[in-house]
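Structure, as structure tokens:
The values are calculated or read from the model by the stated rules, or taken from the named source; none is laboratory data. Every value quoted in this text rests on a predicted model; they were computed, and no experiment measured them. Methodologically, a virtual Cβ is constructed for each residue, glycine included, from the backbone with ideal geometry; neighbour enumeration extends over all protein chains shown.
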Amino acid sequence: MKGKLKASALVGRYAFLLGVLLSVVWAIVAIINPVVATSTIVLSILVILGIIVGLLNISARETMPFLIASVVLVIMFGFGSTYLGLVGQGSAFDFIGKFMQGLLTYLMILIVPAGIVVALKELYAFAERV
């Protein structure tokens, strides 16, 4: 039993790391070629990795901090995404704003499904206690 818990936690950890790495790489690719920035394959992989993270990587003890961080990320995306694209606009450093905007977008695509899964797990646990 203990070996299976370790294996599932390891899968969840690697899914998160792979999702963050894919988000960084894809934010760079989106600067180079904006047409491929919305590749459904990459976006689907990020969603699937987010679901895996929510199922396997977030324990009951980590639920509230994860949900708070997820909400903060969603709020930051809502208010800051537009303005991040303006960083360095019209200069040789406009790629910085585009990268930050793309990275935030792809991290959202990874974290939101994980947040939904964790929130549903918490609601289910709450319903069992009542």
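Mind telling me which of the residues Ala7, Ala15, Ala30 ends up being assigned to a helix (DSSP H, G or I), more than 15 Å from the chain's Cα centre (by Cα) and under 23 Å from Lys121 (Cα atoms)?
The unique qualifying residue is Ala7.
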| request: Only residues that are within 15 Å of Gly97 (Cα to Cα), among the β-branched types (Val, Ile, Thr) and loosely packed, with under 15 Cβ neighbours inside 10 Å: list them for region 30-41, please. | output: Ile32
| task | Considering (1) within 14 Å of the chain's Cα centre (by Cα); (2) on the phi > 0 side of the Ramachandran plot, say which one Gly88 fails and leave the rest. | result | (1)
| message | Please count how many residues of region 33-73 are assigned to a helix (DSSP H, G or I), over 20 Å from Leu84 (Cβ atoms) and polar (S, T, N, Q). | response | 3
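Just the residues that are surrounded by fewer than 14 Cβ atoms within 10 Å (Cβ to Cβ) and without any contact (Cβ under 8 Å) to a residue 24 or more places away in the chain, please, taken from region 97-130. Show your work before the answer.
Residues of region 97-130 surrounded by fewer than 14 Cβ atoms within 10 Å (Cβ to Cβ): 120, 123-130.
Once the filter is applied, which keeps residues that are surrounded by fewer than 14 Cβ atoms within 10 Å (Cβ to Cβ) and without any contact (Cβ under 8 Å) to a residue 24 or more places away in the chain, region 97-130 yields Leu120, Leu123, Tyr124, Phe126, Ala127, Glu128, Arg129, Val130.
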| note | Quick count over region 82-94, residues being assigned to a helix (DSSP H, G or I), of a type outside the set (A, V, I, L, M) and either surrounded by 15 or more Cβ atoms within 10 Å (Cβ to Cβ) or in contact with a Ser or Thr (Cβ under 6 Å, 6 or more places away or on another chain) (or both), is 1
| request: Output the residue which, of all residues in region 42-81 that are of a type in the set (Ser, Thr, Tyr) and more than 16 Å from Lys121 (Cβ to Cβ), is surrounded by the most Cβ atoms within 10 Å (Cβ to Cβ). | output: Ser81
| message | Can you find a residue that is at pLDDT 90 or above, more than 14 Å from Leu104 (Cα to Cα), in contact with a Gly (Cβ under 7 Å, 6 or more places away or on another chain) and of a type in the set (A, V, I, L, M) anywhere in region 38-49? | response | yes
| For Asn33, which of the numbered conditions (1) out of contact with any Pro (no Cβ under 7 Å at 6 or more places or on another chain); (2) within 22 Å of Val118 (Cα to Cα) fails to hold? | (2)
